[in-house]
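Working notes, structure below.
The values are calculated or read from the model by the stated rules, or taken from the named source; none is laboratory data. Predicted model, so just to flag it, every value in this text is computed and none were measured. Neighbour counts are summed over all protein chains in view; Cβ atoms, including those assigned to glycine, are modelled from backbone coordinates with ideal geometry.
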Amino acid sequence: MSSQKDMLLRYAREHHFPNPTFFVDDGVSGVTYDRPGFQAMLAEIEAERVTVCITKDLSRLGRNSALTGLYTNFTFPQYGVRYIAINDNFDTIDPNSTDNDFAGIKNWCNEFYARDTSRKIRAVNKAKGERGVPLTVNVPFGYRKDPEDKTKWVVDEAAALVVKRIFKLCMEGRGPMQIANQLKADKVLTPASYKTLQGIKSPNKKPEDP
């Protein structure tokens, strides 16, 4: 990420674009435009506080060919924003550029690459699931990692008692709120509190009331 930022900053300085502001969507898929960084940038553009938008390449703007074209051909020009994709030699200031003519094809290739990657990941996960290999890093409440093999789960007997009790209460017709109130009245630890007590890492913060 820092290397991309350095490249963009260097480009901005060399081409005399002052006051650069960076919008980052690290770890968010480019197939969606509902990204915090992108939406923040779009808000600045619509407020007419942006004159030039620069990305490393077209794929950094997004991997949806239709929407990418919509932003570069309509939204950005509507607000007087010049868009530059450095590595693709794309610059809206020169609409007659040959590189600009190929932008649509590049956008389509970026979208195809994202779809193909997603398809391959699903296939790998499907194969893992069929082999019984867990697909999540965090072990769900009721299980724990096998000390002998971290890729396998074993039943956590203490937590399993709570899970079985929840199932029994559900089968008796209790709703989620009723079950939660009953467990709270009986001072049953929340999953996050239980994992903290056991020294197990949890993605959820321990609540004030355990």
Those residues of the range 167-210 which are under 32 Å from the mean Cα position of the chain (by Cα), surrounded by 14 or more Cβ atoms within 10 Å (Cβ to Cβ) and of a type in the set (A, V, I, L, M), in sequence order:
180, 189, 192, 200
In the range 150-204, anything over 14 Å from residue 138 (Cβ atoms) and charged (D, E, K, R) is listed as 152, 157, 164, 165, 168, 172, 174, 184, 186, 187
Among the residues of the range 165-181, is there at least one that is within 26 Å of residue 128 (Cβ to Cβ) and aliphatic (A, V, I, L, M)?
no
Against the conditions (1) part of a helix (DSSP H, G or I); (2) within 17 Å of residue 20 (Cα to Cα); (3) out of contact with any strand residue (DSSP E or B) (no Cβ under 9 Å at 6 or more places or on another chain), where does residue 75 fall short? Just the number, please.
(2)
List every residue pair whose Cβ atoms lie under 7 Å apart, where the two residues are 6 or more positions apart in sequence or sit on different chains, the first residue falls within the range 149-167 and is in the same structural domain as residue 186 (by TED's automatic domain parsing), and the second residue, located anywhere, is assigned to a helix (DSSP H, G or I).
159/194; 166/179
Out of the range 123-148, which residues are among the small types (Gly, Ala, Ser) and either touching a residue at least 60 places away in the same chain (Cβ under 8 Å) or exposed (fewer than 11 other Cβ atoms within 10 Å of the Cβ) (or both)?
123, 127, 132
The lone exception for residue 12 - which of (1) without any contact (Cβ under 8 Å) to a residue 40 or more places away in the chain; (2) more than 22 Å from residue 78 (Cα to Cα); (3) touching a strand residue (DSSP E or B) at 6+ places or on another chain (Cβ under 7 Å) it fails:
(1)
How about the range 5-33: which of its residues are loosely packed, with under 15 Cβ neighbours inside 10 Å, modelled with pLDDT of 80 or more and not hydrophobic (A, V, I, L, M, F, W, C)?
5, 6, 10, 13, 14, 15, 16, 18, 19, 20, 21
Among the residues listed as 74, 102, the single one being surrounded by 12 or more Cβ atoms within 10 Å (Cβ to Cβ) and either of a type in the set (Phe, Trp, Tyr) or modelled with pLDDT under 75 (or both)
102
